[in-house]
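What follows is calculated from the coordinates using simple rules that are stated; it is not laboratory data. Keep in mind the model is a prediction, meaning the values are calculated, not measured. Every residue, glycine as well, gets a Cβ built from its backbone with ideal geometry; the counts of neighbours run over all protein chains shown.
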Amino acid sequence: MRTMNSKLTLSLDKIVIQAAKKYAKEHKTSVSRLAEQYFLDLIHSKPRENYPKESLDFIGIAKVQT
């Protein structure tokens, strides 16, 4: 059973946002869905070789700010 959706605000580099939007459009999905799937993969600690191609394309594209 899925829970109700909530909003999340992220601050990302403009180039990353543009690339994510383009990628999502080309793959007939949304940036939200790409992010959700990526986070689910992290939470469930899927081995990297089992990540969907959509997630693998974004690994390493963003810098983590500390």
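Observations, loosely collected:
- Each of the peptides 33-44, 4-15 was scored by the mean count of other Cβ atoms within 10 Å over its residues; in descending order, highest first, they stand as 33-44, 4-15.
- Between Thr29 and Lys7, the modelled labels are 2.3 nm apart [label points 7 Å from Cα along Cα→Cβ].
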